[in-house]
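Before any comments, here is the structure.
The values are calculated or read from the model by the stated rules, or taken from the named source; none is laboratory data. Note that the structure is a prediction, hence the values are computed from the model and not measured. Cβ coordinates were reconstructed from backbone atoms using ideal geometry, including for glycine residues, and neighbour counts include every protein chain displayed. Surface areas here come from the heavy atoms of the whole protein model, side chains and all, with no ligands, DNA or RNA. Shrake-Rupley method; radii C 1.70, N 1.55, O 1.52, S 1.80 Å.
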Protein chains: 2
Amino acid sequence: MTQEVRSGSNERLYVKKFGGTSVGSIERIEVIAEQVAKAQLSGEHQVLVLSAMAGETNRLFALAGQIDPEASAREMDMLVSTGEQVSIALMAMALAKRGVKAKSLNAAQVQIHTNSQFGRASIERVDVQYLQELLAQGIIPIVAGFQGRDQFGEVTTLGRGGSDTTAVALAAALKAQECQIFTDVAGVYTTDPNIEPSAQKLDAISFEEMLEMARLGAKVLHPDSVSYAERFRVPLRVLSSFEPGSGTLIRFDACEDKRNQVAGIACSKGQAMLSLSRSDDSPDPFAAVFSLLAENGVEVDLVTKAGMDDGVSFTMDADRLSWALKVLDEAALGLSLGPLMFEKSLAKVSVIGAGVHRRAEATAKVFDILGNEGIHVKLMATSEIKLSLVIDEADLYRAVRVLHHAFELNKV
Amino acid sequence: MTQEVRSGSNERLYVKKFGGTSVGSIERIEVIAEQVAKAQLSGEHQVLVLSAMAGETNRLFALAGQIDPEASAREMDMLVSTGEQVSIALMAMALAKRGVKAKSLNAAQVQIHTNSQFGRASIERVDVQYLQELLAQGIIPIVAGFQGRDQFGEVTTLGRGGSDTTAVALAAALKAQECQIFTDVAGVYTTDPNIEPSAQKLDAISFEEMLEMARLGAKVLHPDSVSYAERFRVPLRVLSSFEPGSGTLIRFDACEDKRNQVAGIACSKGQAMLSLSRSDDSPDPFAAVFSLLAENGVEVDLVTKAGMDDGVSFTMDADRLSWALKVLDEAALGLSLGPLMFEKSLAKVSVIGAGVHRRAEATAKVFDILGNEGIHVKLMATSEIKLSLVIDEADLYRAVRVLHHAFELNKV
């Protein structure tokens, strides 16, 4: 089953993004240059998007941290955007050495326009005229990922993982045949192979499924880049820069024959759960609670309100728990909240697939499987294509393994 | 004797350039930030120009060297210009922490326009409107030295030591009261204090003298920046960022009372001398020889042609000698050159000062002093304000010491 080429897309034009480990050393840069040179010979048109060399962004963050851990986002962007400029220049040299015409370009040169949200800017527009001129001359543009420039000429960054978004935005604007995200894994797996060795690489996955996998802890792709790719209908492929293979294609259309299936099991640790109740019969205080948390920068994840019960439970990063408790404690009286209950050392495990919602037995099955293992489900939430459960962190790996087996993901 | 302020210059506006060792670590950046904050409180208006942190530019050159020692200058500039962007962002953070309003700016943001000679670009124009807006708002602009952008938006660099030129260009465009070059020495000395401990710091020196000192191995200032400062009549001051002091002022007008004096003794090692003769009576081949050397990137320094003698002798960097010999050997027959004579392990010592040219006895004195010491002068060349001698490298320190003493430079 092959991916249909979008009408008007440029056949054989590929935007290829290489992450930090893929360009983490001079040796790795040479390896990638060799691959790119070969693809060039085979007739591919290529635009490269690079991250900083592995470790470089952390080195720069550490330098800034020594001066001021609360340094302004504007200056942080000026600082950390240099990492990508180093790797693109080095890649241009490695390609030139092989006789391949290439040119490194920073975001200001490409004209990657973003808003002015330093540290987590969004791409508003990409000018592709210059890139198209270079491609027409047989020159490979090598673009700094992660960076942008705002309307005032300020240097911005898209936040961690933002190089994926740069690649998708360029692929969309250039109508590339595919946006290929090269990483250190062979593709998207049914679950983390470090937890369950029988995990299988998926040949294809739908955008919706990938989005849930990405949000729920499969660290292959940044969720923003998946949303962006879906919005602009850019076929996205995840593949390894370390070994050959066709990776995993992220498709617009779910495969018909997999419509009722489960695609994978995603998981993440370091969760906390808070439960709130009301102290009296005054109007529902929970809307006020969540806006208060949002104002104070606390992101909540799964939220459940169980029927007739007056309480609300939600999950969040355990790292931010003490801050959230402080915020809520101070507001408790004014908001008519009862005592706050919380639990730490929790994990979230999610069963993801187009089939989850429609197969009512999936829910029963999950409870049955975990119940047989003596794993207590503390909170559960469902969406169109996922079913998420909160359990004790200590039970996580066991839960992943039994679910992976029960949904026959080792036979994908 | 105080320096007259140029008509129309902005009193108390200082462009301050800090070199690599001055911002070589987080601790050093904090020290400079503290000095800048104090100067701000005392009412100074400041524009900072920074080099990359010491070692950073070499680290980047080494990375490129691993890929391709002959990498294109365009990509080298893209690469090495990142070093300055790191130090300006860190300095902005260190100032912000102290409550001082500051903003880091790269060359594209300031609009430092250069030609397109990658690796050794010349500044053509600097737009100061944005800098003036920031100054008017009490914000200290922190500008990346060494970088520029050409008319196509390409990143350029001014060559090593180019941050001095950036500072002078900004001081000229802003009509600053002074351009202050902060370095790791207290000022310009009568000679290298490591060679002659009685060397004295000069309070002032003329541009011409400074230019000769800079060209002849006093590594305090880059010669291009001195020429640039002279051309735009920017008062230049060299001072230490490590210890207090007023440094050395480089003046438009030589001090009247020093007009007949010697300002200092400069020296440099690693010289080679080549002597050429003609093989027959065909027309003088030496013009062709020097254009051939220029075409092949060989820079010659002192050139002497001794009267009736048919030969020419010149000095050059010993590092490039084998290359020069190869170039000349191949051309020898066609150019009617006789055998090439050369000598390595030579040094150049120069007596510099407005008085050198007019005091005929200076020449005699030098020969006398060195002769008494048994130091053989192999080549000599003079200009308006200098007298340069080529001697054996092994004699250099002794020559510097006896000349320094004989011209009474320990009593400046």
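Tell me: how much accessible area in total is hidden between A and B, 1.4 Å probe, Å², nearest 100? By this definition, chains A and B bury close to 3000 Å². A 1.4 Å probe, protein heavy atoms only, puts the accessible area of residue A:319 near 140 Å². Think of it as helices only: each DSSP H run of n ≥ 4 in chain A is worth -39500 (n - 2.57), and spread over all residues that comes to -10500 deg cm²/dmol at 222 nm. When a/c reaches 1.5 or more, the comparison of a/b and b/c decides; with that in mind, is the stretch B:10-184 rounded, prolate or oblate per its Cα gyration tensor? In terms of gyration-tensor shape, oblate. Given +1 at the Cβ of Lys and Arg, -1 at the Cβ of Asp and Glu and no other charges, the dipole of the stretch A:265-411 around its Cα centre is 660 debye to the nearest 20.
Measuring nothing but protein heavy atoms, the accessible surface of the stretch A:10-184 at 1.4 Å probe radius is 49 percent carbon and sulfur. In a simple Cβ point-charge model (Lys, Arg +1; Asp, Glu -1; nothing else charged), chain A has a dipole of about 1320 debye relative to its Cα centre. Tell me, how many Å apart are the Cα centres for the stretch A:30-45 and for the stretch A:340-412? Result: 43 Å between the Cα centres.
Distance between the pseudo-spin-label points of residue A:330 and residue B:317 (7 Å out from Cα toward the beta carbon): 6.2 nm. Between residue A:288 and residue A:127, the simple label model (points 7 Å from Cα in the Cβ direction) yields a spacing of 5.1 nm.
Rolled with a 1.4 Å probe across the full set of protein chains, the surface gives residue B:242 an accessible area near 100 Å². Could you tell me which of rounded, prolate or oblate describes the protein assembly as shown, using a ≥ b ≥ c as the square roots of the eigenvalues of the alpha-carbon gyration tensor, with rounded for a/c under 1.5 and, failing that, prolate when a/b is larger than b/c and oblate otherwise? Cα axes put the protein assembly as shown in the prolate bin. Each Lys and Arg contributes +1 and each Asp and Glu -1, all at the Cβ; summed about the Cα centre of the stretch B:2-81, the dipole is approximately 260 debye.
The fraction of Cα-Cα pairs per 10 angstrom bin, counted from 0 for the stretch B:63-114, comes to 21, 37, 26, 13, 2 percent, rounded to whole percents. Semi-axes of the equivalent ellipsoid for chain B, computed as √(5λ) from the eigenvalues of its C-alpha gyration tensor and ordered from largest down, come to 40, 28, 18 Å.
The share of accessible area on the stretch A:265-411 that comes from carbon and sulfur is 51 percent, using a 1.4 angstrom probe.
Counting only protein heavy atoms and using a 1.4 Å probe, the accessible area of residue A:75 comes to about 10 Å². Distances, shortest first, from the label point of residue A:66 to those at the same position in the other copies read 2.1 nm; the point lies 7 Å along Cα to C-beta. Rank B:126, B:31, B:327 by mean-square fluctuation in a GNM of chain B with C-alpha springs under 10 angstrom and give only the top-ranked residue. With Cα springs under 10 Å in chain B, the top fluctuation among B:126, B:31, B:327 is at B:327. The candidates B:365, B:16, A:101, arranged from most to least accessible area with a 1.4 Å probe in the full protein assembly, appear as A:101, B:365, B:16. DSSP bridge analysis restricted to the stretch A:133-267 gives an antiparallel fraction near 45%, rounded to the nearest 5.
Looking at the stretch B:67-83, which residues lose a minimum of 40 Å² of accessible area between their chain alone and all protein chains in place, measuring with a 1.4 Å probe and not counting ligands or nucleic acids? Residues passing the criterion (a loss of at least 40 Å², heavy atoms only) are B:67, B:74, B:75, B:78, B:79, B:82. Annotation for residue A:195, label-to-label distances across the other copies: 7.0 nm (shortest first, one decimal, point 7 Å from Cα along Cα→Cβ). Ordered from highest to lowest accessible area with the whole protein assembly present and a 1.4 Å probe, A:12, A:215 read as A:215, A:12.
Take every DSSP beta bridge with both residues inside chain B and express the antiparallel ones as a percent of the total, to the nearest 5. DSSP beta bridges in chain B are roughly 60 percent antiparallel. With the label put 7 angstrom out from Cα along the Cα-to-Cβ vector, residue A:373 ends up 8.5 nm from the copy partners, going from closest to farthest. Listed by chain and number, the lysines whose alpha-carbon sits under 29 Å from that of residue A:103, ignoring those within fewer than 8 places in the same chain, are A:16, A:17, A:38, A:175.
Counting only lysines at least 8 places from residue A:344 when in the same chain, those with an alpha carbon closer than 30 Å to its own are A:219, A:269, A:305, A:326, A:365, A:378, A:386.
In the stretch B:10-184, what percentage of the DSSP-assigned beta bridges are antiparallel, given to the nearest 5? Restricted to the stretch B:10-184, the bridges split so that about 25 percent are antiparallel. Looking at the square roots a ≥ b ≥ c of the eigenvalues of the Cα gyration tensor of the stretch A:265-411, which shape do they give, rounded for a/c under 1.5, prolate if a/b is larger than b/c, or oblate? Prolate, since a/c reaches 1.5 and a/b exceeds b/c. For the rotational copy pair A/B, the chain A residue whose Cβ lies nearest the symmetry axis, together with its distance in Å, is A:82, 2.
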